[in-house]
1. Just the residues that are surrounded by fewer than 20 Cβ atoms within 10 Å (Cβ to Cβ) and either touching a helix residue (DSSP H, G or I) at 6+ places or on another chain (Cβ under 8 Å) or in a strand (DSSP E or B) (or both), please, taken from the range 140-150.
2. Pick from GLY137, GLY153, GLY111: which is part of a helix (DSSP H, G or I), touching a Ser or Thr at 6+ places or on another chain (Cβ under 7 Å) and either modelled with pLDDT under 95 or open to solvent by less than 70 Å² (accessible area, probe 1.4 Å) (or both)?
3. Quick check, is ASP106 open to solvent by 20 Å² or more (accessible area, probe 1.4 Å), among the acidic types (Asp, Glu) and more than 17 Å from the chain's Cα centre (by Cα)?
4. So, in the range 50-81, how many residues would count as being under 20 Å from the mean Cα position of the chain (by Cα) and not hydrophobic (A, V, I, L, M, F, W, C)?
5. If TRP84 satisfies all but one of (1) open to solvent by 10 Å² or more (accessible area, probe 1.4 Å); (2) more than 17 Å from the chain's Cα centre (by Cα), what's the number of the condition it fails?
6. Can you find a residue that is of a type in the set (Phe, Trp, Tyr), part of a helix (DSSP H, G or I), in contact with a helix residue (DSSP H, G or I) (Cβ under 6 Å, 6 or more places away or on another chain) and surrounded by 15 or more Cβ atoms within 10 Å (Cβ to Cβ) anywhere in the range 88-102?
7. Residue by residue through the range 1-33, note down the ones that are in contact with a helix residue (DSSP H, G or I) (Cβ under 8 Å, 6 or more places away or on another chain) and under 24 Å from THR134 (Cα atoms).
Amino acid sequence: MSVILGIDIGGSGIKGAPVDTATGKLMAERHRIPTPEGARPDAVKDVVAELVRHFGHQGPVGVTFPGIVQHGKTLSAANVDKGWIGLDADALFTQATGRDVTLINDADAAGLAEARFGAGAGVSGVVMLLTFGTGIGSALIHDGVLVPNTEFGHLWLKGDKEAEAWASDRARERDDLNWKQWAKRASTYLQHLEGLFSPDLFIIGGGISKKAEKWQEHLKTERTKLVPATLQNEAGIVGAAMMAGRRAQGR
């Protein structure tokens, strides 16, 4: 059994737990610390280090980040402090924790976890996870292999509508849409993705995955099967641990 600590950096909370990467099961209760106001790198670094101390974890650590992650550097910062842009966050967290840290985009982490242990387990071909929340995160996986940093929430629809500004859960709340009205927008977005990528499965994640009974019957695709995510709040933690485990094994 390989137990690795997974930590998920979110807009309101930073949470973590040790994960058995062979089964995807959490080996202890999740521990959550509120995200420092402004989510500046030094403040977030201290919370990550506190979570490592809380669990007394000695091995590798996987950490998610809500933005583009390439070769350990954070290259975007849509909902966090701009100081993250261009930062070697792998090195920042590794120095702060004294552990070997692997960083991964938060939606990519959730996608890996859902494809291996959740709603996409056993599905071959192209699996696309979309997280609907403040924005729209995306993960694209083919036969278990992740194509990182897809950022499909920034696609433009009908020429003048950015997907996440128009069809995210925040847009639903902002425009006071009921679930059927929101689903009509989200269906337009999903059908656009179908035309571009022809996925075998859509997995719908993010905060709305806990409310699938409100929207599932209203979401319409042309041909792609659609299911709600099953790991919910644990997906980012599990996926971060999976990625750190793969790096530790040289994969």
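The values are calculated or read from the model by the stated rules, or taken from the named source; none is laboratory data. Computed from a prediction, not measured in an experiment: that's the story for all the values here. No Cβ is skipped: glycine too gets one built from the backbone with ideal geometry, and neighbour counts run over all protein chains shown. Only protein heavy atoms, including side chains, enter the accessible area calculation; ligands, DNA and RNA are left aside. Shrake-Rupley method; radii C 1.70, N 1.55, O 1.52, S 1.80 Å.
1. HIS142, GLY144, VAL145, VAL147, PRO148, ASN149
2. On inspection, the qualifying residue turns out to be GLY153.
3. Against the criterion (open to solvent by 20 Å² or more (accessible area, probe 1.4 Å), among the acidic types (Asp, Glu) and more than 17 Å from the chain's Cα centre (by Cα)), ASP106 does not qualify.
4. Summing the residues that are under 20 Å from the mean Cα position of the chain (by Cα) and not hydrophobic (A, V, I, L, M, F, W, C) in the range 50-81 gives 13.
5. Every listed condition holds for TRP84 apart from (1).
6. Looking for residues that are of a type in the set (Phe, Trp, Tyr), part of a helix (DSSP H, G or I), in contact with a helix residue (DSSP H, G or I) (Cβ under 6 Å, 6 or more places away or on another chain) and surrounded by 15 or more Cβ atoms within 10 Å (Cβ to Cβ), one finds at least one in the range 88-102, hence yes.
7. Correct list: GLY6, ILE7, ASP8, ILE9, GLY10, ILE14, LYS15, GLY16, ALA17, ARG30, HIS31, ILE33.
Every residue, every condition in (1) within 18 Å of LYS211 (Cβ to Cβ); (2) of a type outside the set (S, T, N, Q), yes or no:
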position: LEU129; (1), (2): yes, yes
position: VAL147; (1), (2): no, yes
position: THR150; (1), (2): no, no
position: GLU164; (1), (2): no, yes
position: ALA171; (1), (2): yes, yes
position: ALA183; (1), (2): yes, yes
position: GLN191; (1), (2): no, no
